[in-house]
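A short worksheet on the structure shown next.
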Amino acid sequence: MERVISSVSADISDSFAPRKDSSAPSVAQTLQKTHDSLSSAPFVAFLDSGTGGIPYMLHLQKKCPQVRCVYLGDTANFPYGEKTREQITDCAAAASKLLIERFNPDAIVVACNTISVTALSELRKMFPSIPFVGTVPAIKLAAAVSPKKRIGLLATRQTVENPYTDKLIADFASDCYIERRGDPDLIDFVEKKLFTATQEERAAAVAPAVSFFKQHDIDTIILGCTHFIHMADDIQKAAGASVRVVDSRDGVVNQTMRVLEACRTSAQAKKNTCNVENMTFYITGVRDAVAEDEYRTLARNLCIPYGGKLIDA
């Protein structure tokens with residue numbers, strides 16, 4: 001729906017905004033030229049606790065189709081939002097190690113707000129040879145577009161309570177009223193039920209969160225967990241036309257393209273020869289056969305290959 005806005009996430013500096021010189025080649029054009037001169041395309045791995053980050057991968061493919069992608073949902077450790085900082089770091093590090101060893105990507109996009117606000121700096125220290133692109137709540141964008149400066153942050157409990165989120169609010173939305181809602185039930189619905197749910201079930205799932213924000217006269221809702229982007233239209237419909245729904249897809253994808261551009265023009269540029277099918281969706285585990293079928297259904301509905309369980313080589 002038109003009111004759903006995807007733009008620069010709050011941790012992305014002004015240098016990542018669209019270039020003012022319209023005559024300069026776009027990042028996508030530069031990447032295409034780079035791609036033409038190499039034997040292999042830029043290769044990006046996406047990481048999330050589950051299926052939430054898939055819209056980020058699809059958005060990158062839409063804006064820059066020459067980039068090859070692979071996706072890993074750490075479903076064996078879902079949900080991350082109810083874990084401690086140490087548990088999140090350990091799980092994300094293990095998943096990142098698996099991606100690096102199996103695919104040797106040019107970059108890893110951490111398409112998970114919880115991992116990004118909690119463990120991104122540690123991941124960069126653990127794997128210094130791989131650039132990591134993080135994802136954080138689009139607080140800066142929300143503050144810019146909110147007419148009444150009344151903003152709702154919908155995320156995991158870990159994200160809404162994280163000190164990094166406090167800093168984002170202080171830096172970019174100090175003049176705004178921010179109402180936070182950690183919603184593990186909605187995250188669980190997206191991961192386990194959404195892709196076979198009826199429209200009535202989808203509407204019922206988003207109703208508590210939307211009602212909560214309406215009670216606080218919120219005019220802008222931040223989708224601060226990537227899982228919620230799967231339900232952006234449902235949330236927008238329930239909230240009504242007077243409410244904006246924002247997320248960070250554009251900002252994260254733009255930064256990813258800049259990182260790839262830097263990688264391909266550096267002295268350490270590598271040619272990835274991994275032959276995995278583009279946009280293959282892997283998991284790390286399933287709770288039962290029903291869950292496996294749900295992931296297959298998701299992949300089929302989104303027209304992406306399903307790779308099953310990714311294990312150590």
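Numbers for the structure displayed
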{"item": "Positions within the range 241-264 being crowded, with 24+ Cβ neighbours inside 10 Å, part of a helix (DSSP H, G or I) and among the charged types (D, E, K, R), in sequence order", "result": "ARG249"}
{"item": "Those residues of the range 48-74 which are surrounded by fewer than 23 Cβ atoms within 10 Å (Cβ to Cβ) and not basic (Lys, Arg), in sequence order", "result": "PRO55, LEU58, HIS59, GLN61, PRO65, GLN66"}
{"item": "Every residue from the range 133-146 that is surrounded by fewer than 22 Cβ atoms within 10 Å (Cβ to Cβ) and free of Cβ contacts under 8 Å to residues at least 60 places away in the same chain", "result": "ALA144"}
{"item": "Evaluation of PHE78 against (1) surrounded by fewer than 20 Cβ atoms within 10 Å (Cβ to Cβ); (2) in contact with an Asp or Glu (Cβ under 8 Å, 6 or more places away or on another chain) (one fails), failing number", "result": "(1)"}
{"item": "Residue among ARG264, ARG244, ARG287, ARG258 that alone is closer than 21 Å to SER49 by Cα and charged (D, E, K, R)", "result": "ARG287"}
{"item": "Subset of the range 159-210 (residues that are assigned to a helix (DSSP H, G or I), under 16 Å from ALA138 (Cα atoms) and either among the polar types (S, T, N, Q) or open to solvent by less than 30 Å² (accessible area, probe 1.4 Å) (or both))", "result": "THR159, VAL160, THR165, LEU168, ILE169"}
{"item": "Elements of type strands (runs of 3 or more DSSP E) contained in the range 1-86, each with 3 or more residues being modelled with pLDDT of 65 or more", "result": "43-48, 68-73"}
{"item": "Residues (surrounded by fewer than 24 Cβ atoms within 10 Å (Cβ to Cβ), more than 18 Å from PRO208 (Cβ to Cβ) and touching a residue at least 40 places away in the same chain (Cβ under 8 Å)) located in the range 147-158", "result": "PRO147, LYS148, ARG150"}
{"item": "Residue match in the range 156-169 (condition: within 18 Å of the chain's Cα centre (by Cα), under 30 Å from SER242 (Cβ atoms) and aliphatic (A, V, I, L, M))", "result": "yes"}
{"item": "Options ILE235, ILE221; residue that is part of a helix (DSSP H, G or I) and either under 19 Å from ALA138 (Cβ atoms) or not basic (Lys, Arg) (or both)", "result": "ILE235"}
{"item": "Residues located in the range 84-99, provided they are open to solvent by less than 40 Å² (accessible area, probe 1.4 Å) and out of contact with any Lys or Arg (no Cβ under 8 Å at 6 or more places or on another chain)", "result": "ILE88, THR89, ALA92, ALA93, ALA95, SER96, LEU98, LEU99"}
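Condition check ((1) open to solvent by less than 40 Å² (accessible area, probe 1.4 Å); (2) touching a residue at least 12 places away in the same chain (Cβ under 8 Å); (3) within 20 Å of ALA111 (Cα to Cα)) across all residues:
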| position | (1), (2), (3) |
| --- | --- |
| PHE212 | no, yes, no |
| ASP233 | no, yes, yes |
| ALA239 | yes, yes, no |
| TYR282 | yes, yes, yes |
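The values are calculated or read from the model by the stated rules, or taken from the named source; none is laboratory data. All values derive from a computational prediction rather than experimental measurement. Virtual Cβ from ideal backbone geometry, glycine too; neighbours counted across all protein chains shown. Each accessible area value is taken on the protein alone, full model and side chains, heavy atoms only, with ligands, DNA and RNA left out. Shrake-Rupley method; radii C 1.70, N 1.55, O 1.52, S 1.80 Å.
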